[in-house]
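**Q** Before we start, here is the structure in question, set down as structure tokens.
We did not get these values from a lab; they are worked out from the coordinates using the rules stated. Because the structure is a prediction, the values reported are computed rather than measured. All Cβ positions, even for glycine, are placed from backbone atoms using ideal geometry, and neighbour counts span all protein chains on display.
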Amino acid sequence: MNQAPKPLERQGHRPWQRAEQALRRIGLSGRALVIMAPAIWLTVFFLIPLAVVFGISLSSKQFGRPPYSSLLTFGEAGTVQLTLHLSNFVKLFSDSLYVSAYLNSIKIAAVATVIALALGYPMAYFIARASDRWRNVLLMLVILPFWTSFLLRVYALTGFMRGNGVINNFLGLFGIDPLIMMQTDFAVYVGIVYTYLPFMILPLYTNLVKLDEALLEASADLGARPYRTFLAITLPLSVPGIVAGSMLVFIPAIGEFVIPSLLGGPGTLMIGRVLWDEFFSNTNWPRAAAVAIAMLVVVVVPIMLMQRAQSATVER
Amino acid sequence: MRKGWFLPTAAILGFTFLYAPIISLVVFSFNENRLVTVWSGFSLKWYGELFADPQILGAAGLSLQIAFASASIALVLGTLMAIALVRFRRFRGRTMLAGMISAPLVMPDVITGLSLLLLFVAMESLFGWPAGRGTMTIIIAHTTFCMAYVFVVVQSRLVDMDISLEEAAMDLGATPLRVFIDITLPIIAPALISGWLLGFTLSLDDLVISSFVSGPGSSTLPMVIFSKIKLGVSPDVNALATIIIGLVALGVGVATALQLRGQRKPYSRVGRAQK
């Protein structure tokens, strides 16, 4: 202990400090940079685009590039004229195509969410109650499809449900006539549950694994039957997990395009598919933008619910 | 608690449902028959056809480039965002920022794609940038949703991390940047790796957003696969899917191992200290 401690000022010449001093000299603290970089990116590429969609939903289709009328026209003598068309939104309510696509999307997404919950809840509960070693293996089995290509998993389902697909070949062994599954609403339900099931299981698992077993034992000691314990204790305590999982399935399912277009029939109207067709087939950009705004109205409440859950975990 | 039959049965059914289609896809990629689901013998010919298809190879190369670039930019931005929201308790616009970062996670793809395309078109007519659409616009779009996922992964690691390590370094006179590089970065490294990998696979996988913001000549792999599936049965897609699933399984295995190791360390240390 006879070594003299290094003088603190020496550290000022380290590269980190020099970099920080240089930044501070041009009026930027490290802290401001950390906040500004992602904030600017999200404002330009997330927030402003949504405003642009709203603006263009109020214009009208025209031929040329870009294929929509501009909202502002500059006249002589410096006058600026603002032209807003509400026709796209009027059309959304008056044309039965849009109304039924809208309602149908909500119905399909809601039913698929309930099915995914019914299937995912027992799976999540089983994983949460499994022994340590099994739990990690099972969790990985849930996560693996989540990382696998979404498009390829939908494609795998087509091979399964096709007229001469795996299920019908299997049924054929028992002399059962082939079922028509592809290009039906049924296939769309299967597709949504199949692709979004991991999104349901993971939040449920995170919630259920934290469940205090002492509560369950206490309930059993007091003579409650398992289903009673489940209804009185497990289910109410897992509500946050149920909400998070359901939102993670419901919100993307509403706007789903790939599943109805590959698995559904021509009659499977969903709002995401309508938006896609308006944009790519009819090149009606303002109409597509209006459909997007209408879709946002449906998903905005679930998104806010999600965000509250999200910020609750950040605050923790 | 008494172990019933219901939960195991439900779990077995559920996992069968999740895996049977993928397994049959893999099995039939080695099928000789053009009819994807009629087995007529083992063959690697679809793999051969796949590697002789310049369209698929080109699209795969483009997709890998885009995924690499978007995951890397998203890693930086998402990590900065996580630090800002977890470590800086109060600043103006914090609530707004917290809302903006999690919204792309659940925003339907068609809305994200359409809104970014309309932005790019509007920007082009106002400032002349970006001139046309292609690789760069896809990278920007992918970065935007990937950074949300990176944020979630890194944020949960930062929340779990023992903050006293950072405070100790700060007390010893280290500057915030130095603390970050010497202390925080090594601790959150596993989360950074899994965040990057997650961004990479999500970018590789995206069809809808890419379709909106891509231009002529910049078709990504999912776009090529989608048009092939739309046209009908194509056994080479099975072969391609098998390769991708194999790579993903490998990647997930490595990532999970890394994360488990990262999680186990502090616990095992505590265990040793107690003995």
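**Q** Putting +1 on Lys and Arg Cβ atoms and -1 on Asp and Glu Cβ atoms, find which of A:I143, A:N164, B:L25 reaches farthest to the positive end of the dipole of the protein assembly as shown.
**A** A:I143
**Q** Then there is this: Could you work out how far apart the two model spin labels at B:R34 and A:M140 are, taking each label as a point 7 Å from the Cα in the direction of the beta carbon, and quote it in nm?
**A** Modelled inter-label distance: 4.1 nm.
**Q** Here is a follow-up. How about the range A:168-226: which chymotrypsin sites (Phe, Trp or Tyr not before Pro) there are in a DSSP loop, with at most 16 other Cβ atoms within 10 Å of their Cβ?
**A** A:F174
**Q** Also, I was wondering about something else. Charges only on Cβ, +1 for Lys and Arg, -1 for Asp and Glu: so what's the dipole of the range B:50-238 about the Cα centre, in debye to the nearest 20?
**A** Dipole of the range B:50-238, to the nearest 20 debye: 440 debye.
**Q** Amide H to amide H, which residues 5 or more places from A:E256 or on other chains are under 5 Å from it, using H placed in the peptide plane?
**A** A:G272
**Q** Report, as an integer, the average count of C-beta atoms from other chains found within 10 Å of each Cβ along B:9-18.
**A** That works out to 6 on average.
**Q** Note down the relative contact order for the range A:165-250 as a percent, whole number, built from C-alpha pairs under 8 angstrom at least six residues apart.
**A** Computed value for the range A:165-250: 36 percent relative contact order.
**Q** Just grab the label-to-label distance for B:I12 and A:F230, each label 7 Å out from Cα along the Cβ direction, in nm (one decimal).
**A** Distance between label points: 1.8 nm.
**Q** Here's another thing I want to ask about it. Once you charge only the Cβ atoms, +1 for Lys and Arg and -1 for Asp and Glu, what is the size of the charge dipole of the protein assembly as shown about its Cα centre, to the nearest 20 debye?
**A** With Lys and Arg at +1 and Asp and Glu at -1, about 1440 debye.
**Q** Next up: So between A:L215 and A:R133, what do we pick up on full extension, going 0.36 nm a residue minus the alpha carbon distance?
**A** Result for the pair: 27.1 nm of gain on full extension.
**Q** Under 1.5 on a/c is rounded, so check that first for the range B:50-238, then, if it is not, pick prolate when a/b is larger than b/c and oblate when it is not; a ≥ b ≥ c are the square roots of the alpha carbon gyration tensor eigenvalues.
**A** Prolate is the answer for the range B:50-238, as a/c is 1.5 or above and a/b outweighs b/c.
**Q** Quote the charge dipole size of chain A about the Cα centre in Debye, to the nearest 20; the model charges only the Cβ of Lys and Arg (+1) and of Asp and Glu (-1).
**A** Using Cβ point charges on Lys, Arg, Asp and Glu, chain A gives about 1000 debye.
**Q** Separate question: Can you give the calculated 222 nm mean residue ellipticity of chain B, where each DSSP H run of n ≥ 4 adds -39,500 (n - 2.57) and the sum is split over every residue, rounded to the nearest 500 deg cm²/dmol?
**A** -26000 deg cm²/dmol
**Q** Quick check: pseudo-label points 7 Å beyond the Cα along Cα→Cβ at A:R308 and B:A189, how many nm apart are they?
**A** 4.1 nm
**Q** Averaged across B:21-27, how many Cβ atoms of other chains sit within 10 Å of each residue's Cβ atom?
**A** Mean inter-chain Cβ contacts per residue within 10 Å come to 6.
**Q** Normalising by the residue count of chain A, find the relative contact order in percent from Cα pairs under 8 Å and 6+ residues apart.
**A** Worked out over chain A, it gives 23 percent.
**Q** Taking the protein assembly as shown, how much of its Cα-Cα pair set, in percent, is spaced more than 43 angstrom apart?
**A** Value for the protein assembly as shown: 27 percent of Cα pairs lie more than 43 Å apart.
**Q** Also: Read phi for every residue in the range A:220-232 and hand back ³J(HN,Hα) as whole Hz from Karplus 6.51 cos²θ - 1.76 cosθ + 1.60, θ = phi - 60°, with x for Gly and Pro.
**A** Using θ = phi - 60°, the values come out as 5, 4, 7, x, 6, 6, x, 5, 5, 4, 4, 5, 8 Hz.
**Q** Can you check what the net charge comes to around A:M36, using other residues whose Cβ is under 14 Å from the Cβ of A:M36 (Lys, Arg +1; Asp, Glu -1)?
**A** +3
**Q** Within straight cross-link reach of B:K230, meaning Cα distance under 20 Å, which aspartates and glutamates are found once same-chain residues fewer than 8 apart are removed?
**A** By straight Cα distance, B:K230 reaches A:D185, A:E256, A:D277, A:E278, B:E49, B:D53, B:D109, B:D205, B:D206.
**Q** Follow-up question, since we're still on this one. Determine the gain in length on full extension of the stretch A:T283-A:R25; use 0.36 nm per residue of separation and subtract their C-alpha separation, reporting nm with one decimal.
**A** 87.8 nm
**Q** OK, next. Mean-square fluctuation check for chain B, GNM, Cα pairs under 10 Å: which of B:L192, B:L80, B:L250 is largest?
**A** B:L250
**Q** From the square roots a ≥ b ≥ c of the eigenvalues of the alpha-carbon gyration tensor of the range A:87-315, which class results: rounded (a/c under 1.5), prolate (a/b over b/c), or oblate?
**A** Because a/c hits 1.5 or more and a/b fails to exceed b/c, the range A:87-315 counts as oblate.
**Q** With a 10 Å radius around each residue's Cβ, average the other Cβ atoms per peptide and rank A:177-184, A:37-44, A:288-295, highest first.
**A** Highest-to-lowest ranking by the protection proxy: A:288-295, A:37-44, A:177-184.
**Q** Among A:K107, A:K61, A:K210, determine the one that fluctuates most according to a GNM of chain A built with springs between C-alpha atoms less than 10 Å apart.
**A** A:K210
**Q** In whole angstrom, how far apart do the alpha carbon centroids of the range A:146-219 and the range B:120-152 sit?
**A** Here the answer is 34 Å between Cα centres.
**Q** Check cross-link reach from A:K210 to the aspartates and glutamates: straight Cα distance under 18 Å, and skip same-chain residues fewer than eight apart.
**A** A:K210 reaches A:D132, B:D160.
**Q** Chymotrypsin sites (Phe, Trp or Tyr not before Pro), restricted to the range B:57-122: which are DSSP loop and have at most 15 other Cβ atoms within 10 Å?
**A** Hits after loop and neighbour filter: B:F88, B:F91.
**Q** Calculate, for B:I181 and A:N169, the FRET efficiency according to 1/(1 + (r/R0)^6) with r their C-beta to C-beta distance and R0 41 Å; round to the nearest 0.05.
**A** About 0.10, to the nearest 0.05.
**Q** Based on the Cβ-Cβ distance of B:A52 and B:A249, what FRET efficiency does E = 1/(1 + (r/R0)^6) give at R0 = 35 Å, to the nearest 0.05?
**A** With a Förster radius of 35 Å, E is 0.85.
**Q** Would you calculate a helix-derived [θ] at 222 nm for chain A, using -39,500 (n - 2.57) for each DSSP H run of n ≥ 4 and dividing by the full residue count, to the nearest 500?
**A** -21500 deg cm²/dmol
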